[in-house]
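The values are calculated or read from the model by the stated rules, or taken from the named source; none is laboratory data. Given the structure is predicted, the values throughout are model-derived calculations rather than measurements. Ideal geometry is used to build each Cβ from the backbone, glycine not excepted, and the neighbour counts take in all protein chains shown. Note: areas computed on protein heavy atoms with side chains; ligands, DNA, RNA excluded. Shrake-Rupley method; radii C 1.70, N 1.55, O 1.52, S 1.80 Å.
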Amino acid sequence: MKVFDRRSILRLISADARASHRLASRWSAAQGREPELAADVIRLGGILAQRPRVFDFSGVEDPAPVDPVRIHIAEGRRELAIELLALMGLGPEELFSLTREMTDDDR
């Protein structure tokens, strides 16, 4: 079982099935040659990033000011990262293991 519906992602990327298959094959092969590639995509895509917390002088958390441009940029990065991970064919166990290792390394 894969984390993402690979066929749906491929249909979104390209209507040409052969071109989509070649694209997925390249990313799967790259993942095989470079095992750290998926972790790089997760990190660069900001998949584990959390919104910064802002506190006022009394110590009460203020909602961070909303910047729609930054929100859309971050969402676009995450979306691309998810598509690339789907092309690599990561399963739930692999994704969970990678994200757990990454969060453990940050401590």
**Request:** Pull up region 53-66, narrow it to residues that are open to solvent by 40 Å² or more (accessible area, probe 1.4 Å) and small (Gly, Ala, Ser), then point me to the one that is nearest to LEU84 (Cα to Cα).
**Result:** GLY59
**Message:** Go through region 27-52 and report how many residues are in contact (Cβ under 8 Å) with a residue 60 or more places away in the chain and either touching a Gly at 6+ places or on another chain (Cβ under 7 Å) or surrounded by fewer than 12 Cβ atoms within 10 Å (Cβ to Cβ) (or both).
**Reply:** 1
**Message:** Can you find a residue that is open to solvent by less than 40 Å² (accessible area, probe 1.4 Å), in a loop (DSSP other than H, G, I, E, B), hydrophobic (A, V, I, L, M, F, W, C) and at pLDDT below 80 anywhere in region 11-21?
**Reply:** no
